[in-house]
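**Q** My questions all concern the structure below.
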Amino acid sequence: MNYGDFEIESFEAGHGLWHARIRRADLKPVIIDGVPFSALEVGFAWSNPDAAIADAKSHIDRLNRRYETVTQIPQLERSAA
């Protein structure tokens, strides 16, 4: 499912243990404190996929508040070229 600029995928990590994976919809990495992540697995072992997705949405909201926008690519990429 899409949520803002992100895709959320719920998955069962064990019998009845649901987690969520988030990634940017444009498939660029999420940059957190200068570290790129192609995807983030978030949350606890929820009892159903809807709860895992709701938790992932709250993680995205927190990331957006903390970093203003986690969809920006830092200047670091230019200096690496």
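The values are calculated or read from the model by the stated rules, or taken from the named source; none is laboratory data. In this text, all values refer to a predicted model and were calculated from it rather than measured experimentally. Glycine gets a Cβ as well: all are built from the backbone with ideal geometry, and neighbour counts include every protein chain shown.
**Q** Does region 51-69 hold any residues that are in contact (Cβ under 8 Å) with a residue 40 or more places away in the chain and either among the charged types (D, E, K, R) or in contact with a Ser or Thr (Cβ under 9 Å, 6 or more places away or on another chain) (or both), and which are they?
**A** Across region 51-69, the qualifying residues are Ala52, Ile53, Ala56, Lys57, Asn64.
**Q** Also, I was wondering about something else. What number of residues in region 13-26 are under 16 Å from Trp46 (Cβ atoms) and either surrounded by fewer than 14 Cβ atoms within 10 Å (Cβ to Cβ) or hydroxyl-bearing (Ser, Thr, Tyr) (or both)?
**A** Of the residues in that region, 5 qualify.
**Q** Under the condition of being touching a residue at least 12 places away in the same chain (Cβ under 8 Å) and either touching a strand residue (DSSP E or B) at 6+ places or on another chain (Cβ under 6 Å) or in a helix (DSSP H, G or I) (or both), which residue from region 30-47 is farthest from Phe11 (Cα to Cα)?
**A** Filtering first and then ranking leaves Val30.
**Q** What's the total number of residues in region 8-29 that are in a strand (DSSP E or B) and more than 15 Å from Asn64 (Cβ to Cβ)?
**A** So the count comes out to 11.
**Q** Can you find, within region 27-81, the residue that is modelled with the lowest pLDDT among those that are acidic (Asp, Glu) and surrounded by fewer than 11 Cβ atoms within 10 Å (Cβ to Cβ)?
**A** Glu68
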